[in-house]
């Protein structure tokens, strides 16, 4: 965590020095503040009694829905989306913290119904509990975070013992919905997704991409990654990033900046660091003291692994552009704070692990 965060601060500082005239440390200072707040949240999360939180599952679920809905009323709109509540100079994004709330709620509800695991009724019930907030997030619109909500559900159901046939049926349903949203309904002049969302989801698979928006972002990202070569061009030579050819270079495409500065070696080292975090997270989940904590830990690991995989995949053109930030690397207040809080919960689960089960 410390190594990834230190690299993040360095890359953000180097790539945004010219972004705000006369304020070379504008983004670095804010991200450093978010990291400091995240460390405090992580320490607090380590001390949380998750079992007590589990007894408030439905209240937490209601609070999550309320926070997501209130964004439409008082939230500020940025680039056509309503995801943030403005608190002074800080934009609070409830859906980021909603990931943590959702995994606690789902884990608590599944533990209460372990004797019914494997029944279609329970799987549909859990799908409804996760699907309602995911739908609200989707309507903000925030497709990427809505996908994370579903990944959290899948991880908890999988670790809880849900049979593979339920996942196969869900996969078929998701494929049918995707085809309907992307091709069938648009052919009938019915648009559910925003135009930019369709472009993001299809640009990576289109050989003849538009030189604008998602297609432009993807082209500039792959150019930055490729130009880094084996060892990178260094901060001063990363022309794609420091000259603003690469949009969102400190948020969604921070991995491309890292690859341009430090090359294949630097990008591979960053991926290795994420692999270590995931590996240790899996070991923590395996040694958790209770089934409830096993499920929460598994959801945290799945969330981090999914976000890292999708973000890195989209920067190199292997996955659609979904707008998911790279954990611990991308600039952003709510995302940084929520990620540290989740990892704090994971470390707390390790501290309460079963006696006689060391991590290593």
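Read-outs: derived from the displayed coordinates by stated rules, not from any lab. These numbers were taken from a predicted model, which means no experiment stands behind them. FYI the Cβ positions are ideal-geometry reconstructions off the backbone, even for glycines, and counts take in every protein chain you see.
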Worksheet entry | Computed label-point distance, nm, for sites residue 354 and residue 239 using a 7 Å Cα→Cβ extension | 5.9
Fill in: the chain: angle of helix 143-160 to the longest principal axis, Cα-based, in degrees nearest 10
40
Response to the item:
For the residue 121, residue 39 Cβ pair and Förster radius 51 Å, calculated FRET efficiency rounded to 0.05 is 0.75
Worksheet item: Once the Cβ-Cβ distance between residue 182 and residue 132 is put in as r, and R0 is 25 Å, what FRET efficiency do you end up with, to the nearest 0.05?
Response: 0.60
Fill in: Inter-site label distance for residue 347 and residue 74 at 7 Å from Cα along Cβ, in nm
3.2
Worksheet, complete the sentence: Dividing the mean separation of Cα pairs under 8 Å (6+ apart) by the residue count of the chain yields a relative contact order in percent of 25
Worksheet, complete the sentence: Between the Cα axis of helix 120-138 and the main Cα principal axis of the chain, the angle (0 to 90°, nearest 10) is 30
Fill in: Expected 222 nm ellipticity per residue - DSSP helices of 4 or more, -39500 (n - 2.57), all of the chain, to 500
-22000 deg cm²/dmol
Item to complete: List the residues of the range 240-265 whose backbone N lies under 17 Å from a point placed 7 Å from the Cα of residue 25 along the Cα-to-Cβ direction.
Response: none
Worksheet, complete the sentence: With Cα springs under 10 Å, the Gaussian network model of the chain assigns the largest mean-square fluctuation among 216, 149, 34 to 216
Practice prompt. Using only Cα atoms, find the angle between the long axis of helix 26-46 and the longest principal axis of the chain, and express it within 0 to 90 degrees, rounded to the nearest 10.
Written response: 20
